[in-house]
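Worksheet for the structure shown next.
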Amino acid sequence: MTGGYKNRVLRVDLTNRKFSEEPLSKELINGYIGGRGFGAKLLYDELKPGIDPLGEDNEMIFIAGPLAGTNAQSFSRYKVFFKSPLTGGYFKSSSGGQFGAELKFTGFDMIIIKGKADKPVFLWVHDGKYELRDAEYLWGLDCDDTHALIRQELGDTNAKIACIGPAGEHGVKYAGIFSERRACGRGGGGTVMGDKNLKAIALRGREKVDLADKDAFAAAVKEQVAGYKANPQFATFSQNGTWIAEAINAMGMYPTKNFQEGVVPEWEKLESNEYLKLLVRKTRCYSCMVHCGSIAKIATGRYAGSWTEGPEYETIWAFSGPVRHSDIGLTIAADKLCDDLGMDTISTGGSIGFAYELYDRGIITKADTGGLELTYGNSEPVMEMIRKIAYREDIGDVLAEGTREAARRIGKGAEEYAIQVKGLELPAYDPRGAKSHGLNLLTANIGADHNTGYAPQEIFGAPVPREVDRLAAEGKGELTKWNQDSTAFLETGILCSFMPSMGMVSPETYGKLISAATGIKDFADPDLLWKIGEKITNLERMFNVREGFGRKDDSFPRRLKEESVPEGPSAGSVFEEDAMLDDYYKERGWDVKTGIPTKEKLEELGLGFTMK
Ligand code: SF4
């Protein structure tokens, strides 16, 4: 028995209301370390190709990493893995808060859920025991009320809960899973939970996480803490979190009017200093000295009294850029509403921005919107649009499918304006203004996800592994691979996805932490960590290849490839998709024509089994 792991997996079959337990296999631990590695391997092994994401055969794998619940910093997040109803491919979604550590305290490394309950239930896991409880009385409730009533039923105000809201119940394809105010937001994890009639998972445990070498682990944590304090971005990130709207506008890559422009008018109203004025208190995830979270409350204006945890940068953008309006109150109120209803803010904002452009071009009218005037600069309809999507009313019904499918159903040329990759809406960065950042959005296995391979070299000027010109295409294949693979091995821990983008944890420090915790000396070797990062990315890719994905799916909408940014510091830039993809595939050792890993690459990584 090694440290770090609880060596215990809980399986739940909702259809038959059966539970089983099993230990972690040595092959899984040695080959994949944990977290994202476990998720990629299990999802590949356990899901049959071609299954319906909304059906009994899809699984939801909730995983806490081997460092969760320890005092290693920023490692107590959890991840959920599933086949996405939004993209039709492999998906990973992650969240901070307290839920990941609590999973370890219950005595489990992961919970694997399959099947479908015949009526709403919630799963209660406590001190190594488990049961399904009735959740019919919770169906229809928002996330806040669901948290409160489950705690009341359990008589435990400290139970940690992850649940869905009305959006997940109504099959909105980008419904998320919400724990406190933190979310596994992207890709439709909440949709899959809703389909399974699983309203929530509640956890409570008191087990400690053992460490193989306590002294070595304490020394590694000390090194990590010193590294955080010495990082030039630590103090600012700790104070402001992801409030970086001014920086992205200053680079002219703040997607505005559905990626038609790169600067939103009056962006100064969305500066970090403006959010600091609304700060009520700071928050943090389990064992994280960064405490980047904030509770912000707006006191004046249309949204007076609204409060939220955040909003994160992506959410600030989602409710400003797409509608070309800078209303700080709306960013807070809309974030809270999405959290309550249980929806991903990025896809929600992207879908609303898509609807604004269709309205602007006359493809949809007031007859479709239930009378709402979706004119640029008019942000008033946004709150109502969020509700319409969550409850599938009027145009909200089709927008709930995500922009790719909505465009297909609407027709009339709407496909041109669906700004997505693999069905996942683009986040708050115009790829034309940061080419490696864009190349990651293009090639990330889950679709347009910024956290799969964030490019801090381009966004923050981080000089590791080297300084770059953000607008240049050359050399970005190699850099994108570097960012994606380093993120992948750090997410075996599971490290917070903000840390790679801040360059806060080196491979050497991670190696010391993970080897001291688990007692597996090989994990201290940075070369092995890099190899496992590459292996994970390739395995995720092969899941998608099995589903029919290839180069054709690594594709931006025409606008980003053929129309240049019209003005500002990124003016004149287009995304050179073909040349950059060629470069990236070559760096990865993938077939350039198809975008599929070669036999040699798969064998080199120990993934020969994916060629069957
Ligand atoms: S950096 Fe922020 S989001 Fe990440 S673990 Fe720490 S408090 Fe949580």
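The values are calculated or read from the model by the stated rules, or taken from the named source; none is laboratory data. Predicted, not measured: the structure shown is a model, and the values here were computed from it. Quick reminder, even Gly has a Cβ in these numbers, built from the backbone with ideal geometry, and neighbours come from all protein chains shown. To get the accessible areas, we keep the full protein, side chains included, count just its heavy atoms, and leave off ligands, DNA and RNA. Shrake-Rupley method; radii C 1.70, N 1.55, O 1.52, S 1.80 Å.
Structure values in brief
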| item | result |
| --- | --- |
| Verdict on residue 274 being within 16 Å of the ligand (Cβ to nearest atom) and charged (D, E, K, R) | no |
| Residues (open to solvent by 20 Å² or more (accessible area, probe 1.4 Å), charged (D, E, K, R) and touching a residue at least 24 places away in the same chain (Cβ under 8 Å)) located in region 26-74 | 46, 56, 57 |
| Single unsatisfied condition, residue 229 versus (1) in contact with a Phe, Trp or Tyr (Cβ under 9 Å, 6 or more places away or on another chain); (2) within 30 Å of residue 460 (Cβ to Cβ); (3) among the charged types (D, E, K, R) | (1) |
| Hits in region 386-402 (condition: open to solvent by less than 50 Å² (accessible area, probe 1.4 Å) and more than 14 Å from residue 364 (Cα to Cα)) | 386, 388, 389, 390, 400, 401, 402 |
| Lone unmet requirement of (1) touching a helix residue (DSSP H, G or I) at 6+ places or on another chain (Cβ under 6 Å); (2) away from the ligand (no atom under 16 Å from the Cβ) for residue 268 | (1) |
| Some residue of region 242-252 being under 22 Å from residue 278 (Cβ atoms) and within 12 Å of the ligand (Cβ to nearest atom) | yes |
| Verdict on residue 374 being buried (at least 21 other Cβ atoms within 10 Å of the Cβ), among the aliphatic types (A, V, I, L, M) and not in a helix (DSSP H, G or I) | yes |
| Residues that are open to solvent by less than 10 Å² (accessible area, probe 1.4 Å), more than 15 Å from the ligand (Cβ to nearest atom) and in a loop (DSSP other than H, G, I, E, B), drawn from region 88-111 | 89, 106, 107, 108, 109 |
| Unmet requirement for residue 302, which otherwise passes all of (1) more than 16 Å from the ligand (Cβ to nearest atom); (2) under 30 Å from residue 572 (Cα atoms) | (2) |
| Any hit, region 277-288, residues being more than 25 Å from residue 470 (Cα to Cα), within 16 Å of the ligand (Cβ to nearest atom) and touching an Asp or Glu at 6+ places or on another chain (Cβ under 7 Å) | yes |
| Close pairs from region 267-284: first farther than 13 Å from residue 240 by Cβ, partner within 15 Å of the ligand (Cβ to nearest atom) and hydroxyl-bearing (Ser, Thr, Tyr), Cβ under 7 Å, at least 6 apart | 283/294 |
| Cross-chain or 6+ apart pairs with Cβ under 8 Å, region 112-125 first and of a type in the set (Gly, Ala, Ser), then open to solvent by 10 Å² or more (accessible area, probe 1.4 Å) and modelled with pLDDT of 95 or more | 115/13; 115/15; 115/16; 115/56; 117/15; 117/17; 117/132; 117/197 |
| The one condition in (1) over 27 Å from residue 396 (Cβ atoms); (2) assigned to a helix (DSSP H, G or I) that residue 286 fails to fulfil | (2) |
| Condition broken by residue 457, with the remaining ones in (1) open to solvent by 20 Å² or more (accessible area, probe 1.4 Å); (2) over 23 Å from residue 424 (Cα atoms) satisfied | (1) |
| Residue within region 308-315 that is in a helix (DSSP H, G or I) and more than 16 Å from the ligand (Cβ to nearest atom) present | no |
| Residue in region 1-9 that is under 29 Å from residue 487 (Cβ atoms), part of a loop (DSSP other than H, G, I, E, B) and at pLDDT below 95 present | yes |
| Region 253-266: number of residues that are under 24 Å from the mean Cα position of the chain (by Cα) and either more than 23 Å from residue 471 (Cα to Cα) or of a type in the set (Gly, Ala, Ser) (or both) | 1 |
| Members of region 4-23 that are on the phi < 0 side of the Ramachandran plot, surrounded by fewer than 19 Cβ atoms within 10 Å (Cβ to Cβ) and in contact (Cβ under 8 Å) with a residue 60 or more places away in the chain | 8, 11, 13, 15, 16, 19 |
| One residue from 205, 168, 187 being over 30 Å from residue 332 (Cβ atoms) and touching a Ser or Thr at 6+ places or on another chain (Cβ under 7 Å) | 205 |
| Single residue of 260, 233 found to be within 15 Å of the ligand (Cβ to nearest atom), of a type outside the set (Asp, Glu) and surrounded by fewer than 23 Cβ atoms within 10 Å (Cβ to Cβ) | 233 |
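Table: residues versus (1) more than 17 Å from the chain's Cα centre (by Cα); (2) surrounded by fewer than 17 Cβ atoms within 10 Å (Cβ to Cβ); (3) part of a helix (DSSP H, G or I).
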position: 158; (1), (2), (3): yes, yes, no
position: 178; (1), (2), (3): no, no, no
position: 202; (1), (2), (3): yes, no, no
position: 207; (1), (2), (3): yes, yes, no
position: 211; (1), (2), (3): yes, no, no
position: 219; (1), (2), (3): yes, yes, yes
position: 222; (1), (2), (3): yes, yes, yes
position: 225; (1), (2), (3): yes, yes, yes
position: 237; (1), (2), (3): yes, no, yes
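Residue-wise test of (1) part of a helix (DSSP H, G or I); (2) of a type in the set (A, V, I, L, M, F, W, C); (3) under 19 Å from the mean Cα position of the chain (by Cα); (4) surrounded by fewer than 17 Cβ atoms within 10 Å (Cβ to Cβ).
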residue: 268; (1), (2), (3), (4): yes, no, no, yes
residue: 281; (1), (2), (3), (4): no, no, no, yes
residue: 303; (1), (2), (3), (4): no, no, no, no
residue: 329; (1), (2), (3), (4): yes, no, no, no
residue: 336; (1), (2), (3), (4): yes, no, yes, no
